[in-house]
Amino acid sequence: MEQSKMETAKGKEVYSKKVLDAYSALILEKYPEIEVEDLMADAGIGIDKTGENAPGISEAQINRFHERLCMLTDNLRIARSAGRYAVTPGCLGMIRSLVLPFAGVRRACGMIVKYAGGLTRASRYSIRDIEKNKIEIMVTPNEGVKEEPFQCELRQGYFQGLVDVFLHNELSVQHPECIFNGGGGCRYELSWKGSAFPILAVLSWLAGVAAIAMPIALWIIPSAVVPKSLWLICPALLFFALGWAGQRVKSKALAKSLRGIHTAREEMLNQVEVNAENSKAIVDIGQALELEDPDTCIFERTTNIVGKKLRYDRVMIMIANDEKTSLCYRGGYGFTEVEKLYISNYSISLDGSSEGVFYESFRHKKTMLVNDMAWLKQKYPQSQDLADRLKPLSFIISPIEVDGEAIGIMIAVNTVTLRRLDRNDTHLVMAVAQQVGSVYRRQKYEKQQGEFKRQIVQLQKMEALGVLAGGIAHDFNNILSPIIGYTDLCLSMCPEAGKMLTYLRRVKNASGRAQDLVAQILAFSRQGEREYIRCHPGPIIKESLKLLRASVPKAIKIETLVKTDLAPVMADPTQIHQLVMNLCTNAYHAMGDKGGVLTVCLDEIQVNESPLEETGQMLPGSYIHLQVKDTGHGMSRAVMDNIFEPYFTTKTKGRGTGMGLPIIKGIVARLKGYIFVDSVEGKGSCFDIYLPQAAENRSVQ
């Protein structure tokens, strides 16, 4: 129903053809190459040269007229120019333009409202007084009419034209409510200063008339020029004085306007220079950041470049932690060593309990400019602690985004410079924040690419190792087969009560363990070509720890927190046993004879959306969590980066082959699990293994 009403109104003649007079006059003066008649014909507007009973214009026609005119003039704001031109003598006519300044601002606005309201049935105009020198004009569209934004610009042009007329009144126009920004209508507020110019202008006209009348009177009645009639000169002199005063007021208003134009021109030129300098600085900052090595932190360097090139007293970057619970300091410029000591340990909570200005900028990805510290203290008292540390006169906060997600904020502060920060500074900081986000994303992708390459190389090594191990296993299996066969023959021939039988049984048991080892090597070489069963890891781990205690030095204490009532996993029990034995062996080797604590834990964990960077690639689901932790000598970062490499070992010759952890990683990968390691030199190591529960892994082969 609403749509049909609008379509009906769109075809009705709701505008008078006189609404095009301002456009036509503007085209004739500024765009003589455009044929008005052709333009109207293109819009489907009929031409009535008599001017009597001229048909109206529909909403669709005037929309087409404006669209075509914008295209021909390449001026999207032609409506505002037309509205402004409507108040000039070229459109109003000489008499009206001369009379308009004498009417005063209030009457002139009433005339414009009456004139504009008479040109359309699409909207209702109303005017009311707000204060002595302030009025409000409200324009409300009628039901079923949908105006276009250029109609609002046309009205603004009308009122801007009045500003040009009433320079001496310093008329200003505000547009606090607009229908195209969600308002119920378009509201315009006009305010001005009082002036005696209209009275002086009328008197100056009278003075002109008197100046013409006096010579005529003296010429017609020369006998009137007697001392008694000299009193006629006094009014003439008075009129001349008043006329001079009126022209003086008008000249002052014109001079003030010219000074304003000159000042605006100087400010514009200065702004052009500032913009050029800032653009060059942004380019330099971008080039400097692009040269950063992927392994270096760009935040500290960014703050130094921004502070020096863009001349901010202090610059700080805060980045969200992995859990997105707080913003932490990552780089700063302009701080003393004592201030850096405090700022480097400062964090902003992101849990929503402190709705400060920094929190709001990060959460809503909104750049904020603060020039009023009293307002900040009243509006965001939670931000006062950090603000006291920054000691700003004004500052800007801009979010740093990567792929549409905020990762931190950049803060640019003036503490000594008295210059107030403005929109240009806001755009500068936003541009730098975007560059920081882009470089951070590039570094992140380059690191991921390097990690992928490293993993590919490792997979190639493992594949080559698997081929080698498979060949050795097959050859070794060929050797084992006759050993086991001849052992069985000897067992069948030996008497029951003899030492030979005991020795042969030991040979048979050792051969069986060798067969299990060959089977594991073959499984490793075939990338897990074996059937897995549902098994409970708790009892297997406890049994493995019983076997381990006999070989662990007495100085090492074993603590177990193993739950046996957990859900099963799809695995080979021998592999679970191997995981525990290899990890625990490495752990007590790391502690050695000095002793320590070996802790083995087994529990379950539910992963929804992991906030940890290190487990960021874990799929959601239920997992059995095995943790083996020791208090040994720990590992450096360089060692941790290579522990899963085949043949890499830090053990002395004869104690390690460098194959334990690569085999563990291979087993965990085939079980669709995850393994993570954390270690600090001198404080021990911790290995965490996550195996999916059987309900989540029924089809593993």
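Take the Cα of D385, step 7 Å along the line toward its Cβ, and report every residue of the range 325-347 whose backbone nitrogen sits under 14 Å from that point.
326-329, 342-347
Extension gain S172-A550, at 0.36 nm per residue separation less the Cα-Cα distance, in nm?
Full extension from S172 to A550 adds 126.7 nm.
Mind listing which chymotrypsin sites (Phe, Trp or Tyr not before Pro) in the range 404-473 are in a DSSP loop and have 13 or fewer other Cβ atoms within 10 Å?
Details: sites: Y440, Y445, F452; in loops: none.
Listed in order of number, the matching sites amount to none.
Evaluate E = 1/(1 + (r/R0)^6) for A519 and K146, where r is the Cβ-Cβ distance and R0 equals 56 Å; express this FRET efficiency to the nearest 0.05.
Values: r = 79 Å, r/R0 = 1.42.
Efficiency computed from Cβ-Cβ geometry: 0.10.
Using 0.36 nm per residue, how much length does the chain from D164 to N509 gain when fully extended, once their Cα-Cα distance is taken away?
Numbers: separation 345, 0.36 × 345 = 124.20 nm, distance 10.85 nm.
In short, 113.3 nm is gained.
Identify the trypsin sites (Lys or Arg not before Pro) of the range 382-490 meeting these criteria: DSSP loop state and at most 13 other C-beta atoms within 10 Å of the C-beta.
Sites meeting the loop and neighbour criteria: R419, R420.
For K252, list the lysines whose Cα falls under 18 Å from its own Cα; do not include residues on the same chain fewer than 8 positions away.
Once the sequence-local lysines are set aside, what remains near K252 is K193.
At I558 and Q434, where each label point lies 7 Å from the Cα along Cα→Cβ, what is the point-to-point distance in nanometres?
Taking the simple label geometry, I558 and Q434 are separated by 6.2 nm.
Report the gain in length on full extension from K366 to T415: 0.36 nm times residue separation, minus Cα-Cα distance, nm rounded to one decimal.
Going from the current span to full extension adds 15.4 nm.
Which lysines have a Cα less than 23 Å from the Cα of K499, not counting those fewer than 8 places away in the same chain?
Partners found: K508.
Provide Rg and Dmax in Å for the range 331-438, with only Cα atoms included in the calculation.
Cα radius of gyration and Dmax of the range 331-438 are 13.5, 36 Å respectively.
Taking H as built 1.01 Å from N, whose amide H comes closer than 5 Å to the amide H of G183, not counting residues under 5 places away?
For G183, the qualifying residues are C178.
So which of K18/K146; K309/K340; K379/K444 end up more than 30 Å apart by C-alpha?
Long pairs (Cα-Cα over 30 Å): K379/K444.
Exactly which GluC sites (Glu not before Pro) in the range 299-352 are in a DSSP loop and have at most 12 other Cβ atoms within 10 Å?
E323
For the range 149-194, what does the accessible surface come to per residue with a 1.4 Å probe? Please give it in Å².
38 Å²
The values are calculated or read from the model by the stated rules, or taken from the named source; none is laboratory data. It should be emphasised that the depicted structure is a prediction, and the values quoted were computed from it without experimental measurement. Ideal geometry is used to build each Cβ from the backbone, glycine not excepted, and the neighbour counts take in all protein chains shown. SASA here: full protein model, heavy atoms, side chains in, ligands and nucleic acids out. Shrake-Rupley method; radii C 1.70, N 1.55, O 1.52, S 1.80 Å.
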